[in-house]
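Chemist: Quick one: the structure is below, and I'll ask about it shortly.
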Amino acid sequence: MRVLIVEDEVALAEGLRDGLIADGHQVTLCHDGDEGFELARRSDVDVVILDIMLPGRNGYKVCRDLRAAAIMTPILMLTAKDGELDEAEALDTGADDFLSKPFSYVVLEARLRALGRRSSGPVGSVGGERLIGGDLVLDMGARRCWRGTTEITLTARELDLLAEIMRAAPNVVAKGDLLIRVWGQSFEGDPNVVEVYVGYLRRKVDVPFGRTSLQTVRGHGYRLDVDA
Ligand code: CA
C-alpha cells in the first residue's frame, strides 16, 4: 500500500515509516498539516495516517478540507491519550477510523490493511458489483453512489455501511453485524459509531431528497425501505 504519514512527532513518524517500509509498504512522510493536505490531494496514496495537533492546519481541518475537495482516500486519525478530541468529532470531519496514542504497531497495521482493502473495493466483492434499492444505486467497482440521477459523495466507510444495509434489504441487518462487517473484528471503539454513521448517511442519501429510506428497527438494527 502507499501510505502517507502526517505526524509532527518526528521519532514516532519515522518509527512508523520504518515499520511500514519493512512490511513492504511505500511511505511518504511529512510533519506539517498544510504539506500533508497538498500531498494527500496531489499524490496517489491508498491510506493517510493523520495526527491531529500539527503545525500548519490541524488534522481535523486537513480531513475536512480533503473531503470538501472530494478526496475520499481513507484516513486513519491518531488521537492523543489525553482526550484532546471527541471521537465523534474526528469521525464528523470525514475520517474513516481513529486510533488512540499510544497504540501498538500491530493494531495500526491491521487497521491500515482494513482501510486499504476498502479503498480498493470490499473484500470478496465482484468487480463492478451494482447494488440497487429503488432509485438508490451503488456501484461498488467505481465506489460511487446515486439517488436517481444525482450523484452523492460518500466516504469509504459510509459507502461500505450503505452497501451492507442494501445487501440485506428488505431484511433488517443487526447493528452488531454492521459493526463487524464494516469496522472489522478488531474495532475497539464505541459500538454507537454505527448509529453515528447511519446518521451521516441519512443526511446525505435521505434528507436532501425528502426521504426516510434508512430506517431504524428498534432493538434490532437497520433496514432499507426503498419506498420510504
Ligand atoms: Ca502532533
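The values are calculated or read from the model by the stated rules, or taken from the named source; none is laboratory data. Bear in mind the structure is a predicted one, so any value in this text is a computation, not a measurement. No Cβ is skipped: glycine too gets one built from the backbone with ideal geometry, and neighbour counts run over all protein chains shown. Each accessible area value is taken on the protein alone, full model and side chains, heavy atoms only, with ligands, DNA and RNA left out. Shrake-Rupley method; radii C 1.70, N 1.55, O 1.52, S 1.80 Å.
Chemist: Specify which of the listed residues (Val3, Val27, Val62, Val48) is more than 16 Å from the ligand (Cβ to nearest atom) and buried (at least 22 other Cβ atoms within 10 Å of the Cβ).
Modeler: It is Val3.
Chemist: Return yes when Pro55 is in contact with a His (Cβ under 8 Å, 6 or more places away or on another chain) and either modelled with pLDDT of 90 or more or within 16 Å of the ligand (Cβ to nearest atom) (or both) and no when it is not.
Modeler: Spelling it out, Pro55 is indeed in contact with a His (Cβ under 8 Å, 6 or more places away or on another chain) and either modelled with pLDDT of 90 or more or within 16 Å of the ligand (Cβ to nearest atom) (or both).
Chemist: Can you name the condition, by its number, that Asp92 falls short on among (1) open to solvent by 60 Å² or more (accessible area, probe 1.4 Å); (2) within 15 Å of Leu154 (Cβ to Cβ); (3) modelled with pLDDT under 70?
Modeler: (3)
Chemist: Output the residue which, of all residues in the range 100-119 that are modelled with pLDDT under 85 and over 24 Å from Arg143 (Cα atoms), is least open to solvent (accessible area, probe 1.4 Å).
Modeler: This residue is Lys101.
Chemist: Hey, can you tell me all the residues within the range 6-24 that are within 14 Å of the ligand (Cβ to nearest atom) and either part of a loop (DSSP other than H, G, I, E, B) or under 18 Å from Leu66 (Cβ atoms) (or both)?
Modeler: Those that are within 14 Å of the ligand (Cβ to nearest atom) and either part of a loop (DSSP other than H, G, I, E, B) or under 18 Å from Leu66 (Cβ atoms) (or both): Val6, Glu7, Asp8, Glu9.
Chemist: Just the residues that are open to solvent by less than 10 Å² (accessible area, probe 1.4 Å) and either touching an Asp or Glu at 6+ places or on another chain (Cβ under 7 Å) or more than 21 Å from Val207 (Cα to Cα) (or both), please, taken from the range 128-141.
Modeler: Met140
Chemist: Can I ask one more? Restricting to the range 30-45, name every residue that is open to solvent by less than 60 Å² (accessible area, probe 1.4 Å) and within 14 Å of the ligand (Cβ to nearest atom).
Modeler: Cys30, Asp32, Gly33, Gly36
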